[in-house]
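**Q** Once you've had a glance at the structure underneath, I'll fire off some questions.
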Amino acid sequence: MTNEQPLAGRRALVTGGASGIGRACAVRLAEAGAHVVVLDRDGDAARRVADGIGGTAVAADLTDLAGVDALDLDVDVLVNNAGRQHVAPLHEFPTEVFSAILRLMLEAPFRLVRGALPHMYGRGWGRVVNISSVHGLRASPYKSAYVTAKHGLEGLSKVVALEGAPHGVTSNCVNPAYVRTPLVEGQIADQARAHGLSEDEVVERVMLAPAAVKRLIEPVEVADAVLWLCSPAAQSVTGTSLAMDGGWSAH
Ligand SMILES: NC(=O)c1ccc[n+]([C@@H]2O[C@H](COP(=O)([O-])OP(=O)(O)OC[C@H]3O[C@@H](n4cnc5c(N)ncnc54)[C@H](O)[C@@H]3O)[C@@H](O)[C@H]2O)c1
């Protein structure tokens with residue numbers, strides 16, 4: 001094990017690894033020496049990412065919980081990243097969308113952690129990193145399912161931290177504000193249409209309004225935080241939430 005390859009010999013699973021933050025995490029973990037399993041609903045895109053980093057692709061829809069239970073979860077690092085957004089006032093929020101978001105962003109992470117922990121415990125080492133959000137710490141209107149799921153993920157992560165500690169397993173959240181990914185680019189376009197604003201105006205007036213640092217975060221910045229949480233320097237960091245939100249939650 002060298003400093004350049006702190007994860008040599010480790011196996012990592014990144015959910016939603018075909019795009020955005022997940023893809024950046026898969027690349028960073030592979031550069032650090034891990035064999036990375038790139039899991040995504042989009043199997044072709046997952047394969048392209050896995051091929052580029054010498055990893056393995058798994059095509060799976062995480063809202064299918066029986067399918068989640070059947071996955072091979074013999075991994076040392078688990079990055080719970082897959083997620084989606086739906087924006088609607090609560091009194092009109094589609095009930096089936098609320099359920100599906102909770103399944104994807106809370107129940108699937110629970111099942112994945114549940115399945116992976118015995119393997120981590122067996123080796124006396126494991127890293128669970130949950131890609132939460134500033135919306136795991138703060139609410140915004142019209143995002144009831146997303147905010148609920150992320151707040152739930154914060155709780156799950158802390159329980160994993162307490163149970164995992166005697167077995168060498170840490171669990172943490174990373175909490176970004178807006179990151180430049182396809183998920184956000186879609187929201188920028190939608191909001192520009194809805195408000196009759198230019199895309200730059202949406203970014204400046206809507207997305208960056210609550211943050212003190214007025215820039216979109218790049219996916220690689222989140223991936224660097226994930227890698228640090230998996231490094232020896234972070235072995236006493238557990239049960240925490242690393243806000244990468246430009247000061248949003250300092251308010
Ligand atoms: N982009 C942001 O501004 C931002 C900010 C804070 C937190 N996050 C979180 O980061 C995570 C990744 O977001 P992103 O912006 O990279 O999004 P993205 O849309 O670029 O990537 C999400 C990936 O998840 C996959 N996915 C979606 N539903 C799935 C399912 N049912 N089963 C399996 N895979 C599925 C998609 O195919 C896609 O590859 C999410 O949990 C999101 O909430 C994003």
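What follows is calculated from the coordinates using simple rules that are stated; it is not laboratory data. All figures in this text were calculated on a predicted structure; none of them were measured in a lab. Here the Cβ is made from the backbone with ideal geometry for all residues, glycine too, and neighbour counts use every protein chain on show.
**Q** For a Förster distance of 35 Å, can you work out the FRET efficiency between the beta-carbons of GLN235 and SER140, rounded to the nearest 0.05?
**A** For GLN235 and SER140, the calculated efficiency is 0.55.
**Q** Residues in region 114-153, backbone N under 16 Å from the label point at VAL159 (7 Å along the Cα-to-beta-carbon vector): list them, ranges by number please.
**A** 114-118, 130, 149-153
**Q** Residues of region 52-86 with amide nitrogen under 18 Å from the 7 Å Cα-to-Cβ point of HIS167?
**A** The answer is 69-80.
**Q** Still on this structure, I have one more. Using θ = phi - 60° and the Karplus form 6.51 cos²θ - 1.76 cosθ + 1.60, what ³J(HN,Hα) does each residue of region 24-37 get, whole Hz, x for Gly and Pro?
**A** Computed from phi, the couplings for region 24-37 are 4, 5, 4, 5, 4, 5, 5, 4, 7, x, 6, 7, 10, 9 Hz.
**Q** Please compute the net charge surrounding ARG215, taking Lys and Arg as +1 and Asp and Glu as -1 over other residues with Cβ under 14 Å from its Cβ.
**A** Every neighbour counted, the sum reads -3.
**Q** Got the relative contact order for region 10-124 handy, in percent, Cα pairs under 8 Å and 6 or more residues apart?
**A** For region 10-124, the relative contact order is 26 percent.
**Q** What translational diffusion coefficient, in µm²/s and rounded to a whole number, does the Stokes-Einstein relation yield for the chain at 25 °C and a viscosity of 0.890 mPa s, taking the hydrodynamic radius as the Kirkwood radius over Cα pairs?
**A** Diffusion coefficient, whole number: 134 µm²/s.
**Q** For the chain, what's the relative contact order in percent, using C-alpha pairs closer than 8 Å and at least 6 residues apart?
**A** Averaging sequence separation for qualifying contacts and normalising by length gives 19 percent for the chain.
**Q** Which value results for Rg/Rh of region 46-139 when Rg is the Cα radius of gyration and Rh the Kirkwood radius based on the inverse mean 1/r?
**A** 1.02
**Q** For VAL159, what charge total do you get from the other residues with a beta carbon under 15 Å from its beta carbon, if Lys and Arg give +1 and Asp and Glu give -1?
**A** Local charge sum for VAL159: 0.
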